[in-house]
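Down below is the structure, laid out as structure tokens.
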Amino acid sequence: MKSTAALILSFIFSIHLFSAEKDFTIDTISVTKITSAIENNDYTFFENAFKTKTLNVNQKINGKTLLIYASILDKPEMVNFLIQNGANLKTLCVNGFNAFQYAKKNKSHYALAELIVISA
């Protein structure tokens, strides 16, 4: 079921990435890589992307942060990794929801537990 969620997220990601500073476009392969990296806890992908400034840890993709997507996919290790790399727990998506709310809504119990422990 989580693989289906990753496939759906890959489709939802579309072609546009949004950051606080500017909008820019990436190709579909990059979007698939981002989705896959979250799904597979590919820390090296994100370490390289953050180091080269290809991605920002608080960047929004179709209105949601990487942390929100990790919460939706119930990836507690990725949640922890993103927060340790500067992800903001309080950042809201374009619809006004944060990672806690998405974890709860999607019954992502492990991600929600990780968010609670980290925020304590």
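Observations
- Filter on K75/K104; K33/K64; K33/K107; K60/K90; K53/K104 - keep pairs with C-alpha separation over 19 Å: K33/K107; K53/K104
- Computed from backbone phi with θ = phi - 60° and the Karplus coefficients 6.51, -1.76 and 1.60, the 3J(HN,Hα) list for region 37-50 is 4, 5, 4, 9, 6, 7, 5, 4, 4, 6, 4, 5, 5, 6 Hz; x is used for glycine and proline.
- When only Cα pairs below 8 angstrom with a gap of at least 6 residues are kept, region 30-120 shows a relative contact order of 26 percent.
- If R0 equals 25 Å, the separation of the Cβ atoms of N95 and K51 corresponds to a calculated FRET efficiency of about 0.25.
- By other beta-carbon atoms within 10 Å, ranking Y102, Y110 with the fewest at the front produces Y110, Y102.
- When restricted to Cα atoms, region 62-120 yields an Rg and a Dmax of 9.8, 29 Å, respectively.
- Rough spin-label spacing in nm, given labels placed 7 Å along Cα→Cβ, for E77 and S36: 1.8
- Within-13-Å neighbourhood charge of I118 [Cβ basis; K, R +1; D, E -1]: -1
A short reminder: the numbers here are calculations on the coordinates, not readings from a lab. Everything numeric in this text was worked out from a predicted model, so none of it was measured. Cβ atoms come from the backbone with ideal geometry, glycine included; neighbour counts cover every protein chain shown.
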